[in-house]
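Heads up, the thing below is written out as structure tokens.
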Amino acid sequence: AGVHPASISAIEAHGTGTPVGDPIEFEALQKIYGYSALGSVKGNIGHTVTAAGVAGFIKMSLSLYHARLPATLHATIVNPLLDFGSSKLYLNRHTKSWDVDQSPRRAALSSFGMGGTNAHA
């Protein structure tokens, strides 16, 4: 799409809370993106199974429209295999204004299908 990864300031992860899947997704995302808020709608509304990707898309669309990043709820215990200490990604725990300097607001969305196929936009 010709968009530099550093221009992404929010990431909607698939993030199901599994001990295997989350670290793999986290490692891949942190290798690509710079300083970005990381969240998953599943903590707020639960896993919507086949609608998980569209639920994340709706969350990010509304976030862009309202220029607000919603808190990721129920993330009091973070998977110890996710090394946030050495990462530029941070878990967005509080709803906040989505401020950017001169660049447009941009988000990334990651979702996995039932068969393990990944879609990333």
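The values are calculated or read from the model by the stated rules, or taken from the named source; none is laboratory data. Because the structure is a prediction, the values reported are computed rather than measured. Backbone-built Cβ (ideal geometry, glycine too); neighbour counts: all protein chains shown. Side chains included, ligands, DNA and RNA excluded: accessible areas come from the protein's heavy atoms. Shrake-Rupley method; radii C 1.70, N 1.55, O 1.52, S 1.80 Å.
Listed highest first by mean packing, meaning other Cβ atoms within 10 Å per residue, what order do 1-11, 73-83 come in?
So the order, starting with the most tightly packed, is 1-11, 73-83.
Okay, helix-only estimate at 222 nm for the chain: each DSSP H run of n ≥ 4 adds -39500 (n - 2.57), divide by all residues, round to 500 deg cm²/dmol; what do you get?
Rounded to the nearest 500, the figure is -7500 deg cm²/dmol.
How high is the FRET efficiency from SER97 to VAL54, r the C-beta distance, R0 25 Å, rounded to 0.05?
Between SER97 and VAL54 the formula returns 0.50.
Where does each of 88-94, 52-58 land if you order them by average Cβ count within 10 Å, highest first?
Descending packing order for the listed peptides: 52-58, 88-94.
Can you tally the net charge around LEU69? Count Lys and Arg as +1, Asp and Glu as -1, for every other residue whose Cβ sits under 14 Å from the Cβ of LEU69.
With Lys, Arg at +1 and Asp, Glu at -1, the net is +4.
Give me the accessible area per residue for the chain, probe 1.4 Å, as a whole number in Å².
Result: 60 Å² per residue.
Rounded to the nearest 5, what % of DSSP beta bridges with both residues in the range 27-121 are antiparallel?
60 percent
For the range 16-110, what does the relative contact order come out to in percent, with C-alpha contacts under 8 Å and a separation of six or more?
About 37 percent, as a whole number.
Using only the alpha-carbon atoms, what does the range 1-108 span along each of its principal axes? Please give whole angstrom values in decreasing order.
37, 28, 27
Could you go through the range 66-83 in sequence order and give the Karplus-derived ³J(HN,Hα) for each residue, using 6.51 cos²θ - 1.76 cosθ + 1.60 with θ = phi - 60°, rounded to whole Hz, and x for Gly and Pro?
8, 6, 9, 9, x, 5, 8, 7, 6, 10, 6, 10, 9, 3, x, 7, 9, 8
What does the charge add up to near PRO5, with Lys and Arg as +1, Asp and Glu as -1, over the other residues with Cβ less than 12 Å from its Cβ?
+3
Once R0 is set to 25 Å, what does the formula 1/(1 + (r/R0)^6) return for the Cβ-Cβ distance between TYR90 and LEU62, expressed as a FRET efficiency to the nearest 0.05?
0.75
Could you look at the range 68-121 and say what percent of its accessible area is carbon and sulfur, using a 1.4 Å probe and all protein chains?
Its accessible area is 55 percent carbon and sulfur atoms.
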